[in-house]
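K.L.:
Shown below is the structure under consideration.
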């Protein structure tokens with residue numbers, strides 16, 4: 001056990017910001033995810049492939065997003081197959097989690113996906129940006145959600161479709177869905193009945209400095225504001241099967257942390273388990289520092305968001321619809337980009353290699 005954990009966590013820190021090297025360090029995790037999903041993809045490939053666009057299906061000037069929460073078995077399959085395209089594997093998440101598909105009304109094809117979920121409890125750059133102390137964070141964090149998954153699929157990604165997904169995460173349609181889904185539900189930890197409509201969306205870049213969220217603005221508004229960087233600690237280096245062995249090892253040793261409610265203790269549970277395990281195994285805690293620092297962004301959904309998060313002030317909502325946000329995207333990014341890239345040559349049946357053949 002000691003040797004296995006040390007070997008899997010021993011990833012040399014690399015703070016170069018080189019996207020290729022970051023992708024390479026996720027390659028083993030990506031291969032494992034693909035292998036685990038092979039049977040599922042084979043089962044659903046024929047059903048989901050028609051929703052993936054060919055380049056000739058897309059007219060950049062007519063892109064019209066439809067934001068739809070995942071609900072049916074087919075939509076679940078479409079979401080799961082879509083996220084396999086990315087080089088940084090997607091985790092299953094924790095706590096509140098709502099997955100969204102974004103379709104192009106002009107052709108019925110899938111533009112991309114995003115997921116809004118509970119944020120991590122401790123994030124110093126977020127607390128500093130909002131101006132929270134511990135008490136205010138404890139009461140206000142329920143109104144913050146994290147865009148834990150976000151991206152566009154080919155050929156929309158060639159048209160900077162990731163920016164459209166980031167805008168759709170801020171849409172009235174997404175917030176309405178969250179509010180309807182959690183209305184009347186009590187929180188797990190404090191058993192309180194709270195308003196679930198998000199006031200602030202946070203997100204973190206996957207590959208160092210973000211090309212999606214930076215400069216995502218119009219003259220009158222910055223949609224995503226960069227607020228700092230993570231410190232480069234994490235657990236992606238450790239495969240899930242080995243992590244389960246670690247938990248079983250700690251359980252056998254009757255470590256109290258293992259028996260606590262995982263969701264109730266917050267999203268840092270896995271990291272805490274590994275820190276305890278390293279101490280038990282007499283390994284340095286520095287093994288958890290993989291060195292990939294990620295840029296953190298905050299996107300307010302109300303003009304008076306800071307006051308609304310820190311007191312009982314009624315939010316003054318922006319209320320942007322996906323359609324209004326799409327107009328900004330098509331004029332500012334999609335149409336100009338289309339003149340510079342060969343997106344029309346993309347053939348879904350031929351080029352969606354992550355779905356197999």
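Condition check ((1) modelled with pLDDT of 75 or more; (2) farther than 22 Å from residue 99 by Cα; (3) out of contact with any strand residue (DSSP E or B) (no Cβ under 6 Å at 6 or more places or on another chain); (4) surrounded by 16 or more Cβ atoms within 10 Å (Cβ to Cβ)) across all residues:
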residue: 180; (1), (2), (3), (4): yes, no, yes, no
residue: 184; (1), (2), (3), (4): yes, no, yes, no
residue: 193; (1), (2), (3), (4): no, yes, no, no
residue: 196; (1), (2), (3), (4): yes, no, yes, yes
residue: 200; (1), (2), (3), (4): yes, no, no, yes
residue: 217; (1), (2), (3), (4): yes, yes, yes, no
residue: 232; (1), (2), (3), (4): no, yes, no, no
residue: 253; (1), (2), (3), (4): yes, yes, yes, no
residue: 264; (1), (2), (3), (4): no, no, yes, no
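K.L.:
Does residue 209 satisfy the condition of being touching a strand residue (DSSP E or B) at 6+ places or on another chain (Cβ under 7 Å), in a loop (DSSP other than H, G, I, E, B), over 23 Å from residue 96 (Cβ atoms) and at pLDDT 65 or above?
P.N.:
Spelling it out, residue 209 is indeed touching a strand residue (DSSP E or B) at 6+ places or on another chain (Cβ under 7 Å), in a loop (DSSP other than H, G, I, E, B), over 23 Å from residue 96 (Cβ atoms) and at pLDDT 65 or above.
K.L.:
Spot the failing condition for residue 283; the list is (1) over 30 Å from residue 325 (Cα atoms); (2) modelled with pLDDT under 80; (3) not in a helix (DSSP H, G or I), and only one is missed.
P.N.:
All conditions are met except number (2).
K.L.:
Go through the range 125-153 residue by residue and tally those that are touching a residue at least 24 places away in the same chain (Cβ under 8 Å) and assigned to a helix (DSSP H, G or I).
P.N.:
Going through the range 125-153 one residue at a time, the tally reaches 9.
K.L.:
Confirm whether residue 272 is under 18 Å from residue 123 (Cα atoms), surrounded by fewer than 21 Cβ atoms within 10 Å (Cβ to Cβ) and more than 22 Å from the chain's Cα centre (by Cα). Steps first, please.
P.N.:
Numbers: under 18 Å from residue 123 (Cα atoms): yes; surrounded by fewer than 21 Cβ atoms within 10 Å (Cβ to Cβ): yes; more than 22 Å from the chain's Cα centre (by Cα): no.
No: the conditions fail for residue 272.
K.L.:
A further question follows. In the range 5-84, which helices (runs of 4 or more DSSP H) lie fully inside it and hold 2 or more residues that are modelled with pLDDT of 65 or more? Write out each step before concluding.
P.N.:
On the way: elements: 19-25, 27-48, 73-83.
In the range 5-84, 27-48, 73-83 are the helices (runs of 4 or more DSSP H) which contain 2 or more residues that are modelled with pLDDT of 65 or more.
K.L.:
Of the residues that sit in the range 154-169 and are in contact with a strand residue (DSSP E or B) (Cβ under 9 Å, 6 or more places away or on another chain) and not in a helix (DSSP H, G or I), which one is farthest from residue 85 (Cα to Cα)?
P.N.:
169
K.L.:
Is it true that some residue in the range 103-111 is in contact with a strand residue (DSSP E or B) (Cβ under 7 Å, 6 or more places away or on another chain), in contact (Cβ under 8 Å) with a residue 40 or more places away in the chain, surrounded by fewer than 21 Cβ atoms within 10 Å (Cβ to Cβ) and farther than 16 Å from residue 79 by Cβ?
P.N.:
Checked the range 103-111: at least one residue is in contact with a strand residue (DSSP E or B) (Cβ under 7 Å, 6 or more places away or on another chain), in contact (Cβ under 8 Å) with a residue 40 or more places away in the chain, surrounded by fewer than 21 Cβ atoms within 10 Å (Cβ to Cβ) and farther than 16 Å from residue 79 by Cβ.
K.L.:
Here's a check for you: in the range 302-317, which residue that is surrounded by 19 or more Cβ atoms within 10 Å (Cβ to Cβ) and out of contact with any helix residue (DSSP H, G or I) (no Cβ under 7 Å at 6 or more places or on another chain) is nearest to residue 111 (Cα to Cα)?
P.N.:
Among residues in the range 302-317 that are surrounded by 19 or more Cβ atoms within 10 Å (Cβ to Cβ) and out of contact with any helix residue (DSSP H, G or I) (no Cβ under 7 Å at 6 or more places or on another chain), the one nearest to residue 111 (Cα to Cα) is 305.
K.L.:
Which of the residues spanning the range 93-110 are modelled with pLDDT under 95 and either within 11 Å of the chain's Cα centre (by Cα) or assigned to a strand (DSSP E or B) (or both)?
P.N.:
Selection gives 93, 97.
K.L.:
All but one of (1) surrounded by 21 or more Cβ atoms within 10 Å (Cβ to Cβ); (2) in contact with a helix residue (DSSP H, G or I) (Cβ under 6 Å, 6 or more places away or on another chain) hold for residue 344; state the number of the condition that does not hold.
P.N.:
(1)
K.L.:
Quick test for you: out of 293, 344, 306, pick the one residue that is touching a residue at least 24 places away in the same chain (Cβ under 8 Å), part of a helix (DSSP H, G or I) and touching a strand residue (DSSP E or B) at 6+ places or on another chain (Cβ under 9 Å).
P.N.:
Checking each option against the conditions leaves just 306.
The values are calculated or read from the model by the stated rules, or taken from the named source; none is laboratory data. Just so it is clear, the structure is predicted and the values come from calculations on it, not from any experiment. No Cβ is skipped: glycine too gets one built from the backbone with ideal geometry, and neighbour counts run over all protein chains shown.
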